[in-house]
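The values are calculated or read from the model by the stated rules, or taken from the named source; none is laboratory data. In this text the structure is predicted, and so the values were computed from the model without any measurement. Cβ coordinates were reconstructed from backbone atoms using ideal geometry, including for glycine residues, and neighbour counts include every protein chain displayed. The protein model used for the area step is the full one, side chains on, heavy atoms only, and it has no ligands, DNA or RNA in it. Shrake-Rupley method; radii C 1.70, N 1.55, O 1.52, S 1.80 Å.
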Amino acid sequence: MSTGHISAKRLALLLGAWRRAGSRQGAADLAAAIELQVLDGQLPAGTRLPAERELAAELGASRTLVVAALERLRESGLAVSRRGAGTWVTSPAGRELEPAIPESAMMIDLARAAPPAIAGMMAAVDAARRSLADELGGSGYVDRGLPVLRERIARRYTERGLPTTPGQIMITNGAQHAFALTLRMLTGPGDRVLVEQPTYPNTLEAVRAAHALPVPVAIGPHGWDFAGIDAALRQASPRLACLNVDFQNPTGWRLDNAGRERLGAVLARAHTPTVFDETLVELDLTDEAAPLPMAAFAGDWAITVGTASKSHWGGLRIGWIRAAEETLAGLASARVGLDLSSPVLEQLILAELLTDPEPLRKRREWVRAQRDALVAALREQCPDWEFRVPGGGLSLWCRLPEPMSTRLAVAAAGHGVQVVPGSRFGVNGGLERWLRLPFSLTTDLLAEAVRRLGIAALSVRRLPGAGEELVVT
Ligand SMILES: Cc1ncc(COP(=O)(O)O)c(C=O)c1O
């Protein structure tokens, strides 16, 4: 029955601040928080939950409370127990939706920041199908990727002001795969990896999966903290850093050229190889000249990771690494024990898509319209949520009026919106005042999602207007 188990410590970390402030319904709060993680895919069906006593200790709650929460999950069909054996998560797929969700309404997914496929995809598939004929006589294992694709990706870097040859490019199965490969090559168990805080949750997952330790450096109210990065590099001596300076996920910040120069100098002094995750770089919604790629400032310490997932489509599962040729040789060896090369047809499709910049220009326009629609809806429905309108990327990083992100995410699921609480973007949870809201859905869905979020937020606020000064006249 079991497909895996989760430790009490890890579950407590996932659950974050699960108890609503001042709530007397601890068991309900805990059950709702676990349910959110199931709906969010963090606790897949078949996962064995920790023993009640351990979980209670880790959560600082009574065992009775944990027992009651599990009982609720069983009643709602989200868990099953076998006497003496334990409790497992079951699939929520067949379950009736909560009554809070109107029958007509479906769950709106604001957990993912990923747009649909770019226009022209089917034409590119047809063209790629024709060029596939030329590849069929070969083995299909193309070590670092198809030359035609590497050449087009290299040309794009050169256009962006960073001269690049196809020999500096290796094709991967997406950015996540590229990062995992780099971790595999450069880190071992217990090594430290410097990351931003907040950061993309799957960056943290990859670091943990490599049995390395993430060392967070906070992104402040004005962006990157160079002194903090410098200090962390000196004190923690990380084997690797991973930074996302092009419309950072989730904050949306982009580092300017002056900042890049400072950051490059800090990293070069420490001799720390650094992954620059450029996943969102092509979703530039400004009319300004783009800064130079970070690799122009960090030289051979830079390992740049790119992907077609946000610019064209996540379903292609094609990404790449731009690095010095000897670094690529190491990565190619690291890859042999994992997978041997990337699918040929998808590479041909992307090579075809890269010949025409027009659909990407239209995509930027579309994303800009969705961003503006989300901003307008939030200003109307949630006027006390604060955010900076980012110049690119796919999400707003909202400061909530209270530390309530996990509670809000739980309540939002009950109102038909899936969101990822702020705690998932931090190394050790926290970030309860923050919520990431992607703008990769259509305007209508975004407006409906914000309407539901507004209602959910009201249901979890401690007091209307809490935190405001009481003015006595
Ligand atoms: C910052 C960042 N890195 C990596 C990824 C994963 O990209 P891919 O789909 O290419 O693996 C994402 C996806 O959302 C992302 O936002």
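Observations, loosely collected:
- Qualifying residue in the stretch 292-304 (condition: modelled with pLDDT under 95, touching a Pro at 6+ places or on another chain (Cβ under 6 Å) and open to solvent by 20 Å² or more (accessible area, probe 1.4 Å)): yes
- Identity of the residue in the stretch 180-197, closer than 19 Å to F425 by Cα, open to solvent by 10 Å² or more (accessible area, probe 1.4 Å) and not aliphatic (A, V, I, L, M), that ends up farthest from the ligand (Cβ to nearest atom): R192
- Within the stretch 407-450, the set of residues being among the aromatic types (F, W, Y) and open to solvent by 10 Å² or more (accessible area, probe 1.4 Å) comprises W434 only.
- Restricting the stretch 1-16 to residues that are part of a loop (DSSP other than H, G, I, E, B) and at pLDDT below 85, the residue that is least open to solvent (accessible area, probe 1.4 Å): S2
- Within the stretch 363-390, tally of residues that are basic (K, R) and surrounded by fewer than 13 Cβ atoms within 10 Å (Cβ to Cβ): 1
- Residue match in the stretch 380-396 (condition: outside any helix (DSSP H, G or I), away from the ligand (no atom under 16 Å from the Cβ), under 23 Å from the mean Cα position of the chain (by Cα) and among the acidic types (D, E)): yes
Quick grid of which residues meet (1) within 30 Å of W18 (Cβ to Cβ); (2) in the same structural domain as A127 (by TED's automatic domain parsing):
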| residue | (1), (2) |
| --- | --- |
| S342 | no, yes |
| W366 | no, no |
| A369 | no, no |
| L374 | yes, no |
| R379 | yes, no |
| D384 | yes, no |
| R407 | yes, no |
| A413 | yes, no |
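- Taking (1) in contact with an Asp or Glu (Cβ under 7 Å, 6 or more places away or on another chain); (2) at positive phi in turn, T406 satisfies each apart from (2).
- Contact map, the stretch 303-317: residues that are more than 16 Å from L149 (Cβ to Cβ) paired with residues that are among the acidic types (D, E) and more than 9 Å from the ligand (Cβ to nearest atom), Cβ distance under 8 Å, separation 6+ or inter-chain. Pairs shown: K310/E282.
- Residue selection: D256 fails the criterion of being closer than 27 Å to L435 by Cβ, assigned by TED's automatic domain parsing to the domain that holds A231 and within 11 Å of the ligand (Cβ to nearest atom).
- Filter result (over 23 Å from M107 (Cβ atoms) and either touching a residue at least 60 places away in the same chain (Cβ under 8 Å) or open to solvent by less than 50 Å² (accessible area, probe 1.4 Å) (or both)) within the stretch 53-75: L55, A56, L59, A61, L65, V66, A68, L70
- Counting the residues of the stretch 49-63 that are under 15 Å from L15 (Cβ atoms) and in a loop (DSSP other than H, G, I, E, B) gives 4.
- Residue match in the stretch 151-166 (condition: open to solvent by 10 Å² or more (accessible area, probe 1.4 Å), within 30 Å of A227 (Cα to Cα) and within 14 Å of the ligand (Cβ to nearest atom)): no
- Residue match in the stretch 317-325 (condition: assigned by TED's automatic domain parsing to the domain that holds P163, surrounded by fewer than 24 Cβ atoms within 10 Å (Cβ to Cβ) and in a helix (DSSP H, G or I)): yes
- When each of D339, D287 is tested for being surrounded by fewer than 20 Cβ atoms within 10 Å (Cβ to Cβ), touching a residue at least 12 places away in the same chain (Cβ under 8 Å) and not hydroxyl-bearing (S, T, Y), the lone residue that passes is D339.
- Within the stretch 287-308, one or more residues are within 16 Å of the ligand (Cβ to nearest atom), part of a loop (DSSP other than H, G, I, E, B) and closer than 16 Å to L360 by Cα.
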